[in-house]
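The values are calculated or read from the model by the stated rules, or taken from the named source; none is laboratory data. Because the structure is a prediction, the values reported are computed rather than measured. FYI the Cβ positions are ideal-geometry reconstructions off the backbone, even for glycines, and counts take in every protein chain you see. Note: areas computed on protein heavy atoms with side chains; ligands, DNA, RNA excluded. Shrake-Rupley method; radii C 1.70, N 1.55, O 1.52, S 1.80 Å.
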Amino acid sequence: MWKLIATFGALVTVVHGQSTPVESCASNTGVLPINTFIHGCGAPPCVFTQLEDAVLDIVFRAPKAINNMTTLATTYMDISWIIIPVPYDLQENLLTCNFVTNTNCPVREGEIVQYRLNMPISTDYTVNAVSPIEIRVVDESDQSPVFCLRTNHMIVTENSITDN
Ligand SMILES: *[C@@H]1O[C@H](CO)[C@@H](O)[C@H](O)[C@H]1NC(C)=O
């Protein structure tokens, strides 16, 4: 009964919430989450600003009972025919369970989980170039996929955003 109520609540959130269109991953495994909203991004490429956090609100279904989860984000830079994976340093934000907003870990099989990822954008990453990014959550115990999403993004410097 509580599971039904929780599922219904999450679906209501999805219906009334916002979405960003995202694709299935190409370099990693994992099904798409139920809903993804990347703040400030109605249509990719999503523009992220240096020294700010990119914020993603994600709703996903736990594929099995999981004690602990880890978040990973990787961009794929195309350097003349060679694709170089560049991992993002998520710092403490890689601890998925600390940022689950509607429940607590461990999660049950089939549980609908609402999750907010704050992704710090340091000055280490390439700016003004559109590149794909894959964001995924894995089971911390065996690295098996929980979900994976892919989108295009571009990082800009702090002062390059003009109001429009
Ligand atoms: C979850 O995994 C992280 C990363 O391996 C670890 O630091 C943390 O202690 C784990 N949390 C629990 C409750 O096991």
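Miscellaneous remarks
- The lone exception for PRO120 - which of (1) of a type outside the set (Ser, Thr, Tyr); (2) surrounded by fewer than 17 Cβ atoms within 10 Å (Cβ to Cβ); (3) closer than 14 Å to THR151 by Cα; (4) modelled with pLDDT of 95 or more it fails: (3)
- Leading residue by the ranking (nearest to the ligand (Cβ to nearest atom)) among those in the range 88-112 that are closer than 27 Å to PRO45 by Cβ and open to solvent by less than 10 Å² (accessible area, probe 1.4 Å): THR96
- Qualifying residue in the range 138-158 (condition: touching a helix residue (DSSP H, G or I) at 6+ places or on another chain (Cβ under 6 Å) and at pLDDT 95 or above): no
- ASN104 of a type in the set (S, T, N, Q) and touching a strand residue (DSSP E or B) at 6+ places or on another chain (Cβ under 9 Å): no
- Residue tally, condition within 16 Å of the ligand (Cβ to nearest atom) and under 17 Å from the mean Cα position of the chain (by Cα), over the range 62-87: 8
- Of all residues in the range 127-145, none that is closer than 12 Å to VAL47 by Cβ has its Cβ atom under 6 Å from the Cβ atom of a residue that is in a strand (DSSP E or B) and basic (Lys, Arg), 6 or more apart or on another chain.
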